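In what follows, a structure is listed as structure tokens, so that the remarks can point back to it.
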Amino acid sequence: MPFKTYRRPVFPVESPGDVAALVELLVPAATDEQLRNTLCDHFAYVAGAHPEWFRPHQERVILELLGGFSVTFDTMSVLFRGAPDNCVEHLIARPRLRLDALAAIGTEPALTAAADLARGQGDASELEDIGFWTPPSGPLRQRFSSHRLAVERRPVADLAGLLAAEHPVGLPLDRVVRDPETTPVSWHFLSLRAAALPGVPAWPADLLHLVETNLGWGVTGAVGEDGRWHGESVEAEGAPDDEDERVNDEGDGRAMVVLRPYDDTLLYCNSHIMSTPDVFGTVGGPPIGVYSNPSCRSCHRLMFHVATVTNHIRGDGDGFRSLYICEDCHLTTSAASNWN
């Protein structure tokens, strides 16, 4: 079983019957924080490898056992997806509002109810943190793909191999930005071929670029048909540190990425799959939610989360690097955050 937890005890998760046993443990977990944390790891594996094993228990967990079900939102958004309307009615009637559970269900009634509640309380920040935009009217809009793919890094032999890769790591900056002499972009992490990303909105260029600047925590640029950034702006946090400035040498960290399905060939640990050898992140799924997710500088709508990787994919910086787009304004943002 490709599953690892640092919490104890460890329960088997090798059959539908094992998942049924995990669900029964949610009863004592309601008053046992250690057990809740342990089960979080187990259910993350179920969501990634065998979500169908949870489906028969979905309604009972929402209606009766939610107090013991403490999981990350990416796990919840897989396991609760499509739950019936009586679950929505139950969540609305609960004394303690659970907007995250409504959003995770993802049906029209659930998203409408969550949006109405968020507008009524005048604060949509909780929903934005998990990747949902609350429009002035109507249901929530999910701003990420429900299709999750693991990001696996593989070496390439030379620049020719890098340029031929479907998803390259470490491109020369002149392949990423229109004016490398004046751009604030100083580092290329990863490019993803738009056509290979299920659930991602149409994009005017073949590649979407995840980059970084030494001037701050976030950088936004416009993109045309050539795919290269222009009109960059930086979300700065203090003055740049010359000692930390990075030079995007062509041979430094050169590699390519292969996108793997979420299944039982990955190693699930601490509610994520990044302990799998050579796996450094995820395409699709909700944003990590550690810091506020960016809104488009033009239309001000919450941007669409494309991917999050760790800095180790190219060995620079510290923490997560996330790629967002506004498909209508053709703007893209690369955001950085420290470990949570």
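What follows draws every value from the coordinates through simple rules; no lab data is involved. Everything numeric in this text was worked out from a predicted model, so none of it was measured. Positions of Cβ are backbone-derived with ideal geometry, glycine not excepted, and every protein chain shown enters the neighbour counts.
Please work out how much length the chain gains when fully extended from Ser15 to Asp158, using 0.36 nm per residue of separation minus the C-alpha to C-alpha distance, in nm with one decimal.
Once the chain is fully extended between Ser15 and Asp158, it gains 47.0 nm.
Pop a pseudo-label 7 angstrom from the Cα along the beta-carbon direction at both Ser298 and Thr182 and give the gap in nm to one decimal.
2.0 nm
Where in segment 1-69 are there chymotrypsin sites (Phe, Trp or Tyr not before Pro) that are in a DSSP coil and have at most 15 other Cβ atoms within 10 angstrom of their Cβ?
In loop regions of segment 1-69 (DSSP not H, G, I, E or B), the sparsely surrounded chymotrypsin sites (Phe, Trp or Tyr not before Pro) are Tyr6.
Taking only Cα atoms of segment 149-337, what ratio of Rg to Rh do you get with Rh as the Kirkwood inverse-distance radius?
A ratio of 0.93.
When the Cα atoms of segment 3-142 are enclosed in a convex hull and the volume is divided per residue, what value in Å³ results?
Roughly 105 Å³ of hull volume per residue.
Tell me, what is the percent relative contact order of segment 149-337, built from C-alpha pairs under 8 Å that lie six or more residues apart?
26 percent
Hand me the trypsin sites (Lys or Arg not before Pro) from segment 84-152 located in a DSSP loop with no more than 12 other Cβ atoms within 10 Å, in residue order please.
Hits after loop and neighbour filter: Arg96.
Does anyone have the angle between helix 108-121 and the longest principal axis of the chain? Alpha-carbon axes, 0 to 90°, nearest 10?
80 degrees
Describe numerically, in nm with one decimal, the distance between label points set 7 Å from Cα along Cα→Cβ at Lys4 and at Glu89.
Using points 7 Å along Cα→Cβ, the separation is 4.7 nm.
Name the residue from Leu259, Ser295, Thr182 whose Cα lies farthest towards the positive end of the charge dipole of the chain, charges +1 on Cβ of Lys and Arg and -1 on Cβ of Asp and Glu.
Farthest along the dipole direction, towards plus: Leu259.
Return the calculated 222 nm mean residue ellipticity for the chain, to the nearest 500 deg cm²/dmol, obtained by summing -39500 (n - 2.57) across DSSP H runs with n ≥ 4 and dividing by the residue count.
Roughly -7500 deg cm²/dmol at 222 nm, from the helical runs in the chain.
Give me the angle, in degrees from 0 to 90, between the Cα long axis of helix 16-29 and the longest principal axis of the Cα atoms of the chain, rounded to the nearest 10.
The answer is roughly 80 degrees.
Would you calculate the separation in nanometres between label points at Glu225 and Arg119, each defined as 7 Å from the Cα along the Cα-to-beta-carbon direction?
Modelled inter-label distance: 3.9 nm.
Would you please name the GluC sites (Glu not before Pro) within segment 90-192 that are DSSP coil residues with at most 11 other C-beta atoms within 10 Å of their C-beta?
Here the sparse-neighbourhood loop sites are Glu181.
For Gln34 and Arg96, what is the calculated FRET efficiency with R₀ set at 30 Å and r taken between the beta-carbons, to the nearest 0.05? Could you put the intermediate results ahead of the total?
Values: r = 22 Å, r/R0 = 0.72.
With a Förster radius of 30 Å, E is 0.85.
Work out the length of the dipole vector of the chain about its Cα centre, built from +1 on the beta-carbon of each Lys and Arg and -1 on the beta-carbon of each Asp and Glu, and round it to the nearest 20 debye.
Dipole size: approximately 900 debye.
What fraction of the DSSP beta bridges in the chain is antiparallel, stated in percent and rounded to the nearest 5?
95 percent
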